[in-house]
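What follows draws every value from the coordinates through simple rules; no lab data is involved. Keep in mind it's a predicted model, so treat the numbers as computed, not measured. Cβ coordinates were reconstructed from backbone atoms using ideal geometry, including for glycine residues, and neighbour counts include every protein chain displayed.
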Amino acid sequence: MGGCVNRKILLVDDDPRILASLRRSLQDRFDLYLAESGTEALAAVERDGPFAAVVSDMRMPGMSGLDLLCELRRRAPDTVRMVLSGHTDFDAAIAAVNDGAIFRFHTKPVRAEILADSLERAILRHIEIRQTRGGIDPGESLVRAAEELRQAFEHQQFRLYVQPQCRVADGTVTGAEALVRWAHPERGLLAPATFLATLDAAGLTQDLTAWMLRRACIEARRWRDAGLPPMRIAVNATALDFCAPGFPEMVRRILAEQGLAPSALELELTEGAAVADPAGARASMLNLTEQGIATSLDDFGSGYSALGWLRHLPVAKIKVDRIFIDELGDDPAAYRMLQAIVGLAGDLGMTVLAEGVETERQMELVRDAGCDYVQGYLQASPMPPEDFTVWLAGRRP
């Protein structure tokens, strides 16, 4: 979404733990405001509005979410309304917003990425409706955004960041995940969540993957030349990348350009992408594995149905979705599910990385569950590659 788009989101829930979890999950993509009751929410609307969207629990003491929706219909008619509920209150919620406003309903628990994407789509759709009513072509905003991204490639505005991955047993840094940021000339440093949807719509996803692969391999070569311990750099690739006929050859060529062994690189495919085209993903993964390039399954347990295909996919590592890590310590079921994933991976000869570890308590439970590797803010935040080498040198053995 563009820089002029309102990104203020009001989160309403009477459970502080849920609010904290939502805040951690969404804070990189939106400007967040919190309220623990409908009354607090209405005060925030008056004080801090206008909001792009209000996300509310349905059943709360005092003013219910349903009452809040009805009141928002009067006080903030131009706001997207979204309901999260552990109950099937869908019909009642629809009745509360039957004025035609953009509305979404999600049943708890909802995966953070799904919630964030739903918010992005709802806000953009709301903007398109308003533009259409005002006689503006809604496609113009996408055209402008796509042109900005093309300019970003031309003017070298993308930046590589890395986040360390460590062995749980002894804390050894075994590698890093390559991440991207956009140094926008007007909006500053942007996280990928703010532009990946537009990138995909503009047909530029594969261009970014190629850029990421080349930049990541350049950094891996620099690590090797600097005499750092052997480490592997992991790069995310989409289902479109994996299923493109020339993808394995492109990867092999980039490695050769930098004089790197295939073992220096790991390619990550999300669970959702693997399920979308499991046969295509398997064929590409087999090709890459035969070259000696490791592949991993990202966001595992994110709500898709990869279990049936997992035994057929030649992946060396499973990256457990942060939804399980966020709930560790609060929900015994999350810990049992993590243990089950670790056991399943072990039976299939795969290692497990826990992603999104932010607290010592989460680290303790990840260790007890038997995870092999860990990645998260507890270890280090994403950083430029030059900062990574400094950080690595300053670590205690």
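How would the range 150-218 be classified by its alpha-carbon gyration tensor: rounded, prolate or oblate, with rounded meaning a/c under 1.5 and the a/b versus b/c comparison settling the rest? Prolate shape, in that a/c is at least 1.5 and a/b is the bigger ratio. Under the criterion of Cα pairs below 8 Å and six or more residues apart, the relative contact order for the range 22-84 equals 34 percent.
Decide, for the range 191-277, between rounded, prolate and oblate: order the square roots of the alpha carbon gyration tensor eigenvalues as a ≥ b ≥ c, take rounded if a/c falls under 1.5, and otherwise choose prolate if a/b is larger than b/c, else oblate. It comes out prolate by the Cα gyration axes. Backbone phi angles across the range 182-190, fed through the Karplus curve with coefficients 6.51, -1.76 and 1.60 (θ = phi - 60°), yield HN-Hα couplings of 10, 7, 6, x, 10, 9, x, 7, 10 Hz in residue order; Gly and Pro are listed as x.
Assuming a ≥ b ≥ c are the square roots of the Cα gyration tensor eigenvalues, decide whether the range 316-393 counts as rounded (a/c under 1.5), prolate (otherwise, with a/b larger than b/c) or oblate. Oblate, since a/c reaches 1.5 and b/c is not below a/b. The amide H of V180, built 1.01 Å from its N in the peptide plane, has Y161 as neighbours under 5 Å, considering only residues 5 or more places off or on other chains. The trypsin sites (Lys or Arg not before Pro) of the range 1-86 that meet both conditions, a loop assignment by DSSP and at most 15 other Cβ atoms within 10 Å of the site Cβ, are R59.
Label zone (E364, point 7 Å along Cα-to-C-beta; backbone nitrogen cut-off 19 Å) within the range 318-339: 325-339. Across the range 362-378, coupling constants 3J(HN,Hα) worked out from phi with the 6.51/-1.76/1.60 Karplus curve, θ = phi - 60°, read 4, 4, 4, 6, 4, 5, 5, 6, x, 5, 8, 9, 9, 8, x, 5, 5 Hz, and Gly and Pro carry x. Restricting the range 356-397 to chymotrypsin sites (Phe, Trp or Tyr not before Pro) that sit in a DSSP loop and have at most 16 other Cβ atoms within 10 Å of their own Cβ leaves Y377.
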